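Take a look at the structure set out below.
Since every read-out is calculated from the coordinates, none of them should be taken as a lab result. The structure presented is a predicted model; accordingly, all values stated were derived computationally and were not measured. Every residue, glycine among them, receives a Cβ derived from its backbone with ideal geometry; neighbour counts consider all protein chains shown.
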Amino acid sequence: QSVLTQPPSVSATPGQKVTISCSGSSSNIGNNFVSWYQQLPGTAPKLLIYDDNKRPSGIPGRFSGSKSGTSATLGITGLQTGDEADYYCVSWDSSLSAVLFGGGTKLTVL
Amino acid sequence: EVQLVESGGGLVEPGGSLRLSCAASGFTFSSYPMNWVRQAPGKGLKWVSSITSSSSLIYYADSVKGRFTISRDNAKNSLFLQMNNLRAEDTAVYYCARGIPAAGDFHSWGPGTLVTVSS
């Protein structure tokens with residue numbers, strides 16, 4: 001069981017917007033940065049969002065990150081079938097001195 | 001272009017040992033912290049271990065502490081993971097990733113190497 005809690009799955013239709021939540025605590029999300037990763041089937045994860053809301057070069061503006069208190073949210077607008085993937089939130093936990101991954105959320109684009 | 005390539009995976013019996021390597025290129029390896037992350041078949045990503053650029057700080061997940069040892073050779077642009085006393089639950093694809101663990105941002109990943117622990 002992950003200390004960072006994500007919904008197991010979300011779904012939406014092409015063109016719509018979807019959000020994926022990540023809930024933690026004051027020892028992780030509440031006081032440390034959050035990153036988000038996309039993992040397409042059979043491939044290595046790819047960084048989508050870092051430092052709560054920054055996008056690496058090459059990541060489209062359709063992907064956004066936000067944080068409030070001990071929760072973070074990944075937003076994806078203009079959904080495409082190619083966005084079907086597993087998405088993970090990540091944060092450092094200061095009490096555990098450990099990197100925490102959320103359990104992952106499977107996005108289905110119907 | 002940043003490249004990370006893992007090697008050393010394979011089939012090993014419970015209680016056995018394996019040493020993973022990660023060859024880095026395309027960046028100044030000695031300037032970056034490095035990490036190992038694993039993914040059991042059909043499961044989510046789990047952090048394993050991190051090491052700072054100078055090896056001054058090292059972190060481990062509780063599940064591998066005392067059994068796994070992370071190290072690096074900056075002269076050879078290489079990261080290592082020595083895995084001892086392997087268990088069935090260590091079966092996973094192991095990825096090396098470049099990035100700052102305290103920020104959780106792993107900007108670059110290798111394709112992974114599969115470790116299977118089975119008799």
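The table below gives the values:
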quantity: Straight-distance crosslink candidates among lysines, where the alpha carbon sits under 19 Å from B:LYS65 and sequence neighbours closer than 8 are dropped; calculated: B:LYS46
quantity: At 0.692 mPa s and 37 °C, Stokes D of the range B:43-92 from Kirkwood alpha-carbon radius, µm² per second; calculated: 275 µm²/s
quantity: Estimated vicinal HN-Hα couplings, Hz - the range A:68-74 in sequence order (Karplus 6.51, -1.76, 1.60; Gly, Pro = x); calculated: 9, x, 9, 10, 10, 9, 9
quantity: Cβ-based exposure ranking for B:VAL48, A:VAL90, in which fewest neighbours within 10 Å come first; calculated: B:VAL48, A:VAL90
quantity: Sorted largest first, extent of chain B alpha carbons per principal axis (Å); calculated: 40, 27, 26
quantity: Solution diffusion estimate, µm²/s, Stokes-Einstein, the range B:76-119, Kirkwood Rh from C-alpha pairs, 20 °C, viscosity 1.002 mPa s; calculated: 174 µm²/s
quantity: Residue with peak Gaussian network fluctuation, chain B [Cα springs, cutoff 10 Å], from B:ALA61, B:ALA24, B:ALA75; calculated: B:ALA75
quantity: Net charge of Cβ neighbours under 12 Å - reference B:TYR95; Lys, Arg +1; Asp, Glu -1; calculated: +3
quantity: Cα-based radius of gyration of the range A:5-110 once divided by 2.2 N^0.38 Å, which approximates compact folds; calculated: 1.01
quantity: Per-residue ³J(HN,Hα) for the range A:28-38, Karplus 6.51 cos²θ - 1.76 cosθ + 1.60, θ = phi - 60°, Hz, x for Gly and Pro; calculated: 10, 4, x, 9, 9, 5, 10, 10, 10, 10, 10
quantity: Least to most buried among B:TRP36, B:TRP47, A:TRP36 (fewest other Cβ within 10 Å first); calculated: B:TRP47, B:TRP36, A:TRP36
quantity: Size of charge dipole - chain A - debye, nearest 20, with Cβ of Lys, Arg +1 and Asp, Glu -1, no other charges; calculated: 200 debye
quantity: Least to most buried among A:LYS17, A:LYS67 (fewest other Cβ within 10 Å first); calculated: A:LYS17, A:LYS67
quantity: Sequence ranges A:55-62, A:79-86, ranked by mean other-Cβ count within 10 angstrom, highest first; calculated: A:79-86, A:55-62
quantity: At most 14 other Cβ within 10 Å, DSSP loop - trypsin sites (Lys or Arg not before Pro), the range B:1-62; calculated: B:LYS43
quantity: Net charge of neighbours whose Cβ lies under 13 Å from the Cβ of B:ASN35, counting Lys and Arg as +1 and Asp and Glu as -1; calculated: +2
quantity: Total formal charge among the other residues, if their Cβ is under 13 angstrom from that of A:ALA85, Lys/Arg +1 and Asp/Glu -1; calculated: -1
quantity: Shielding of B:90-97 by partner chains, average beta-carbon count, 10 Å; calculated: 1
quantity: Within 10 Å of each Cβ in B:108-115, the average number of Cβ atoms from other chains; calculated: 2
quantity: Debye log10 I(q)/I(0) at q = 0.08, 0.13, 0.16 Å⁻¹ for the protein assembly as shown, Cα point scatterers; calculated: -0.28, -0.74, -1.11
